[in-house]
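Contents: one structure, followed by commentary.
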Amino acid sequence: MPIATINPATGVTERTFEEISDQEVERILARAAATFTSYRTTSFAERAAWMVGAAEILEDEVDRVANMMTTEMGKTLAAAKAETLKCAKACRYFAEHAESFLVDEPADAGAVGAAAAYARWQPLGPVLAVMPWNFPLWQAMRFAAPALMAGNVGLLKHASNVPQTAIFMQELFDRAGFPEGAFQTMLISAPRVEAVIRDDRVVAVTLTGSGPAGSSVASIAGDVVKKSVLELGGSDPFIVMPTADLHRAAVVATTARCLNNGQSCIAAKRFIAHVGVADEFERLFVEHMSAQRVGDPMDAATDIGPLASAQQQRDMVDLVADAVAKGATVLCGGVVPDGKGFYYPPTVLTGITPAMRLHTEEAFGPVATLYRVGGIDEAIELANVTEFGLGSNAWTEDPAERERFVTDLAAGMVFINGNTTSYPELPFGGIKASGYGRELTAHGIREFCNLKSVWVGQ
Ligand code: NAP
């Protein structure tokens, strides 16, 4: 895959980049290791000041940064601005909370025969982050902000189609005042990730992306006994029960499916309505999906921009064609518009059967499948049918049903009467084929720390 900015709205290659050489990778790794020896001793206050500096740069330059992201991967300019400001918020959040998240944990000294006993969180060293293009700044930031605040140093191998955002990430931390080498971007292709993981100076790896990429990276990390965190795909269910506010559910369902032009791991992808309300929910959902304005992502009137690449567009065409060939009904969308760019319209399909790929595979574009179920048991069974277990959404006013969903949906996250979203204040991650480990909150910052037990004798 070329390392290049190919504008998804036009299909035009705007900039190409050379991969860095093995010698340059060596220089980067040496710099990361050298920087860690001193960076690990910096105080939380110093790191926090630099991190707040990064937040200020993002806030001051939101228009430029958003423009760059929209040009590289096609999200609407409004969404790109929101993403940039969300990153600033995460910088401030970890600047403020890192020290309390990593404070020494007292243990019962008497019980272990010690004068003092406690556990201390310490940074591990240079951590490699392999990141996807769909939230090019946010995915990288939710690794970077906690990792840097913990005293680790970061190495970023970003997706090949967002090189300018990748380069910006390093510039951001350099300009904010972090020591040279605290956060470095490596423009390398995927096959060269293995050598970086295997390098002795790299202590751990986190990957956000597809299952095959996660499996490959985790296997290599396992082979050399290094910690890994995986944030992989999802095919989140969105369940609508009879007591739900159908109008609100249909509006949120549309947002949940179409957010980021449909390219979000936590987008709701499978919509499961109780038969008692299925007709009305279908009518409202199709109405809202059909009303989405697809167009130039730079235009403020646009709801949905293009998909990020020609490959993403082909994937949607193939998934929908497979379902239609096997008997599914298209309620709206389903036809690639004429003209340039990698557009795909909001699409709703019904009559889905287990033989269809869309029943279990992730649709990384604005394609929704709509199911009908007779009751809560059937809803939960269907919700849990895929290999994924990332987010999940259920709409009901019934407290007993809410409790059932919270308990029985096989997912890392459950949102009742809302759509799955990431916040610095809530742990983020999945189970099953959606990965392991958690990002954000105290849990996220601790993933790449050594919890050192300390015992001091009498
Ligand atoms: P992808 O192909 O797996 O790419 C993600 C990153 O991994 C890119 O930097 C890519 O580099 C690299 N990569 C790919 N194959 C690799 C390999 N064998 N070894 C090492 N690195 C490799 O993912 P994608 O299709 O672009 O992104 C969409 C996927 O990410 C979806 O499945 C989505 O659900 C998932 N995702 C998950 C989360 C989450 O938090 N759970 C968030 C966002 C997206 P190149 O670009 O150079 O190939």
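What do you reckon, is ALA82 in a helix (DSSP H, G or I), under 20 Å from TYR93 (Cβ atoms) and free of Cβ contacts under 8 Å to residues at least 12 places away in the same chain?
Answer is yes for this residue.
Among the residues in segment 180-196, are any in contact with a Leu (Cβ under 7 Å, 6 or more places away or on another chain), within 10 Å of the ligand (Cβ to nearest atom) and in contact (Cβ under 8 Å) with a residue 60 or more places away in the chain?
Step one: list which residues in segment 180-196 are in contact with a Leu (Cβ under 7 Å, 6 or more places away or on another chain), which gives 182-186, 196.
With within 10 Å of the ligand (Cβ to nearest atom) added as a condition, the list becomes 196.
With in contact (Cβ under 8 Å) with a residue 60 or more places away in the chain added as a condition, the list becomes 196.
The answer is yes, given that some residue of segment 180-196 is in contact with a Leu (Cβ under 7 Å, 6 or more places away or on another chain), within 10 Å of the ligand (Cβ to nearest atom) and in contact (Cβ under 8 Å) with a residue 60 or more places away in the chain.
Are there any pairs, at least 6 apart or on different chains, whose C-beta atoms fall under 6 Å, with the first in segment 348-363 and over 15 Å from ALA267 (Cα atoms) and the second among the basic types (Lys, Arg), and if so, which?
Note: pairs meeting the criteria are ALA355/LYS326; MET356/LYS326.
Need the failing condition index for GLN122 against (1) out of contact with any Lys or Arg (no Cβ under 7 Å at 6 or more places or on another chain); (2) open to solvent by 10 Å² or more (accessible area, probe 1.4 Å), just the number.
Single failed check for GLN122: (1).
When you look at ALA111, is it more than 26 Å from PRO427 (Cα to Cα), open to solvent by 40 Å² or more (accessible area, probe 1.4 Å) and of a type outside the set (Ser, Thr, Tyr), yes or no?
For ALA111, the condition - more than 26 Å from PRO427 (Cα to Cα), open to solvent by 40 Å² or more (accessible area, probe 1.4 Å) and of a type outside the set (Ser, Thr, Tyr) - is met.
Please work out if THR350 is open to solvent by less than 50 Å² (accessible area, probe 1.4 Å), touching a His at 6+ places or on another chain (Cβ under 9 Å), among the hydroxyl-bearing types (Ser, Thr, Tyr) and closer than 27 Å to ASN260 by Cβ.
Judged against the criteria, THR350 is not a match.
Out of GLN139, GLN170, which single residue is open to solvent by 40 Å² or more (accessible area, probe 1.4 Å) and either modelled with pLDDT under 95 or not aromatic (Phe, Trp, Tyr) (or both)?
GLN170
Would you confirm, using the coordinates I've provided, whether ALA129 is open to solvent by less than 10 Å² (accessible area, probe 1.4 Å) and either out of contact with any Asp or Glu (no Cβ under 8 Å at 6 or more places or on another chain) or within 21 Å of THR76 (Cα to Cα) (or both)?
Values: open to solvent by less than 10 Å² (accessible area, probe 1.4 Å): yes; either out of contact with any Asp or Glu (no Cβ under 8 Å at 6 or more places or on another chain) or within 21 Å of THR76 (Cα to Cα) (or both): yes.
Yes; evaluated as a whole, the condition is true for this residue.
Give the residues of segment 213-264 that are hydrophobic (A, V, I, L, M, F, W, C), within 27 Å of ALA291 (Cα to Cα) and under 17 Å from the mean Cα position of the chain (by Cα), sorted by residue number.
Hits for segment 213-264 are ALA256, CYS258, LEU259.
Taking segment 289-311 as the search range and keeping residues that are in a helix (DSSP H, G or I) and within 16 Å of the ligand (Cβ to nearest atom), which one is nearest to the chain's Cα centre (by Cα)?
Checking each candidate, the answer is GLN311.
Going by the structure shown, is GLY365 modelled with pLDDT of 95 or more and not assigned by TED's automatic domain parsing to the domain that holds VAL286?
No.
So if I check each of THR407, THR396, which one is over 23 Å from ALA204 (Cα atoms), free of Cβ contacts under 8 Å to residues at least 24 places away in the same chain and either away from the ligand (no atom under 15 Å from the Cβ) or aromatic (Phe, Trp, Tyr) (or both)?
Every option except THR407 fails the conditions.
Quick one: count up the residues across segment 96-144 that are among the polar types (S, T, N, Q) and more than 30 Å from GLN164 (Cβ to Cβ).
If we filter segment 96-144 for residues that are among the polar types (S, T, N, Q), which is where we start, we get 100, 122, 134, 139.
The next check asks that each one be more than 30 Å from GLN164 (Cβ to Cβ); those that pass are 100, 122.
Residues meeting the conditions: 2.
This table checks each residue for (1) in contact with an Asp or Glu (Cβ under 6 Å, 6 or more places away or on another chain); (2) of a type outside the set (S, T, N, Q); (3) within 16 Å of the ligand (Cβ to nearest atom).
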position: ALA4; (1), (2), (3): no, yes, yes
position: GLN23; (1), (2), (3): no, no, no
position: TYR39; (1), (2), (3): no, yes, no
position: VAL52; (1), (2), (3): no, yes, no
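Please enumerate the residues belonging to segment 205-247 that are charged (D, E, K, R) and either free of Cβ contacts under 8 Å to residues at least 60 places away in the same chain or within 14 Å of the ligand (Cβ to nearest atom) (or both).
Across segment 205-247, the qualifying residues are ASP223, LYS226, GLU231, ASP236.
The values are calculated or read from the model by the stated rules, or taken from the named source; none is laboratory data. It should be emphasised that the depicted structure is a prediction, and the values quoted were computed from it without experimental measurement. Virtual Cβ from ideal backbone geometry, glycine too; neighbours counted across all protein chains shown. Note: areas computed on protein heavy atoms with side chains; ligands, DNA, RNA excluded. Shrake-Rupley method; radii C 1.70, N 1.55, O 1.52, S 1.80 Å.
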